[in-house]
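The values are calculated or read from the model by the stated rules, or taken from the named source; none is laboratory data. All of these numbers come straight from a predicted model, not from anything done at the bench. Areas reflect the complete protein model, heavy atoms only, side chains present, ligands, DNA and RNA absent. Shrake-Rupley method; radii C 1.70, N 1.55, O 1.52, S 1.80 Å.
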Amino acid sequence: CISSAASDVYKRQIIMNIQFLIGPVIGLIIGYVTNNIAIKMLFRPLKPVYIGKRRVPFTPGLIPKEKERIAKTIGGVVSTELLDNDTINKTLLSDGIISGITGLVEKLFNKMKLSEKTVREELYQKLDKDLVDNMTEKAEEDIAALIHAKLSKFNFGTEISKKVIVNIRNQYIEKGRIKAAFAKLVDDNMINSLAEPIGKTIDKMVSENSEAIVGDLIKNETGRIMDTKTSEIAERYWHSIPKIKSAVQSVYIRTVKNDLPKVMEKLNIAKIVEDKINGYNIKEFEDLLFSIMKKELNAIIWLGALLGFVMGFLNAFISIIFS
């Protein structure tokens, strides 16, 4: 009898041990499987599933269903929180960026100093030859037209005529009595009356001929510069590097401060991000998110398994205590 009773106690002990182990193991499996399924259901199925005309609940997955809203939200967060005007402004105006930009000036001069090529040859090497020629010709025409417009608008013929007449009068005053007496007759009224018709003639000549004259001068000067060796230009302006760096820095800072808000408005980062995300098909979007959050999603799955194991253990422990 004692032996039979001991055997029964031993069997019950084994059963209790098995029950104690089975609960946590089952909880672990359930936690792992349910979290795994829950994460899969974020993406799957990729498309709605129908039985007849009725759509199966929870299809498609949450992320495919809300893809456009998610894309819009991410775009808004990126543009307002991550890449807003202040952040980009601070980055572009950081000491590192500014020193890097001004440092390019010195690097460029060092490179030019060692080169035996002309400005034209350097440009031909880096850009298309026809593009360089067309850009040079267009710049010459624009500068000539601008100077011609300024000269024509200024109407300086009368002022020049007055100065010429006054100089002639002053020279005559200094030469003998007769000439001086004659020169003194040329008062301001006479100067004005003489200068006006002469000035109009000068202004007309400038208006009719300045564009061609200025155009030829600019073309000759452009050709001279284009055919100058870059090493000569570097040597000529080497002492001005600090001033050039300062000017480049000032222009860069002013451009960033004044034009960045307009550029950001035109750029519309939120729309770019939104369109980029919407451009992915669902599978590509899934792969993208998994590549970013793979470690975290796996941690959630194993956390579910751990919680299931703990809950199973507590359930078995409570059952043993109250059994």
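Descriptive notes on the structure:
- In the full protein context, the stretch 240-313 carries 69 Å² of accessible surface per residue, based on a 1.4 Å probe and ignoring ligands, DNA and RNA.
- Taking each of 107/271; 129/243; 126/243; 72/294; 40/72 in turn, the alpha-carbon distance tops 28 angstrom for 107/271; 129/243.
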